[in-house]
1. With respect to residue 263, determine if the residue is modelled with pLDDT under 80, under 30 Å from residue 149 (Cα atoms) and buried (at least 16 other Cβ atoms within 10 Å of the Cβ).
2. Return the residue satisfying two criteria in turn: it lies in the stretch 13-52 and is touching a helix residue (DSSP H, G or I) at 6+ places or on another chain (Cβ under 8 Å) and more than 14 Å from residue 251 (Cα to Cα), and of such residues it is surrounded by the most Cβ atoms within 10 Å (Cβ to Cβ).
3. Among (1) loosely packed, with under 13 Cβ neighbours inside 10 Å; (2) outside any helix (DSSP H, G or I), there is one condition residue 56 misses while meeting the rest; what is its number?
4. Filter the stretch 118-170 down to the residues that are over 27 Å from residue 201 (Cβ atoms) and either under 18 Å from the mean Cα position of the chain (by Cα) or not in a helix (DSSP H, G or I) (or both) and list them by number.
5. Among the residues of the stretch 85-98, which ones are outside any helix (DSSP H, G or I) and either modelled with pLDDT of 85 or more or among the hydroxyl-bearing types (Ser, Thr, Tyr) (or both)?
6. Being under 15 Å from residue 78 (Cβ atoms), polar (S, T, N, Q) and in the same structural domain as residue 258 (by TED's automatic domain parsing) is the requirement here; does residue 218 meet it?
7. May I ask you to list pairs of residues, at least six apart or on different chains, whose Cβ atoms are under 9 Å apart, with the first in the stretch 91-102 being over 15 Å from residue 196 (Cβ atoms) and without any contact (Cβ under 8 Å) to a residue 12 or more places away in the chain and the second being of a type outside the set (D, E, K, R) and assigned to a helix (DSSP H, G or I)?
8. Within the group 78, 37, 71, 82, which residue is at pLDDT 90 or above, within 21 Å of residue 246 (Cβ to Cβ) and not β-branched (Val, Ile, Thr)?
Amino acid sequence: MSVGVRPKSPTERLLAANAWLVFAFLYAPIVVLAVFSFNDNNNVGIWTEFSFRWYGEMFQNAPVMNALKNSLIVAAVSTTVSTVLGTATAVALERYRFRGQRLFDGLVYMPVIIPDVTMAVMMLLFFASAFRMTGGFGLSFGLGTISLSHIAFSISFVAIVVRARLGQLDPSLEEAAADLYAGRWMTFRKVTLPLIAPAVAGGALLALTLSLDDVVVTSFVAGPGSTTLPVYVFGLVRRGVTPLINAVSMVMLTASMVLVAVSLVFQRERGGRSVSGDA
């Protein structure tokens, strides 16, 4: 006797409709942006015909390319440093006990909970005071101050992601390595790091995304010639929306989606290997 499919109740249909409305609300603007980024018209909201015109103008626009280069430099530096320091912070808080640990633990979460404007003002005052106290020594606001600012708030996000993974690990694995006369560094390198690698990669990609998307903090600590791509796009919007913004925004959106896809693939592969190893 075949069992028929149970018809959906009115409540289930209402929930399904609500889900579709939420998805449409979230993703319809992305679809509109993608479509109009290929519009040939000079008006940002009037469709005429399909064209790669604005993508060509974007790659030929020297200020846009310079802003993109600055963004990539800052993102590479801040992601590398914040990943190393954030991972070390997570290991220290999760695996060791020391005086002032609770205070340090609370400070780690500060960049996550404080507003971006507050963070930006703090970094601006810090650099201004440091330059004044040291007499300058040729230092000025630029890519260096932007990178340091991004590192300051990215460390917390990396530490939180990695610490969550460390909390799920079985401490007996590290204890077994110690029983086999492995030192702390070898235990971390051979046992702990491979197990938390997906979290480290996820934290690094999160730091990279935050750096590439930041506007508020960057605009406060940037100097002449150090404009990043998000700050440049924000400046274009203030002067008036042009179709060039559609193309630039689509490139930034695509980059973010690629980073998320790479993160998911990496974590899936690492998860598959872990399962195979346990088997």
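1. Considered against the rule, which asks whether it is modelled with pLDDT under 80, under 30 Å from residue 149 (Cα atoms) and buried (at least 16 other Cβ atoms within 10 Å of the Cβ), residue 263 comes out as yes.
2. The residue in question is 39.
3. Checking residue 56 against (1) loosely packed, with under 13 Cβ neighbours inside 10 Å; (2) outside any helix (DSSP H, G or I), the one that fails is (2).
4. Correct list: 120, 134, 135, 136, 137, 138, 139, 140, 141, 142.
5. 96 - this is the single residue of the stretch 85-98 that is outside any helix (DSSP H, G or I) and either modelled with pLDDT of 85 or more or among the hydroxyl-bearing types (Ser, Thr, Tyr) (or both).
6. yes
7. Sorted first by the residue in the stretch 91-102, then by its partner, the pairs are 98/92; 98/104; 101/92; 101/93.
8. 71
The values are calculated or read from the model by the stated rules, or taken from the named source; none is laboratory data. The structure displayed is predicted, hence computed values, not measured ones. So basically every Cβ, Gly included, is an ideal-geometry build from the backbone, and we count neighbours across all protein chains shown.
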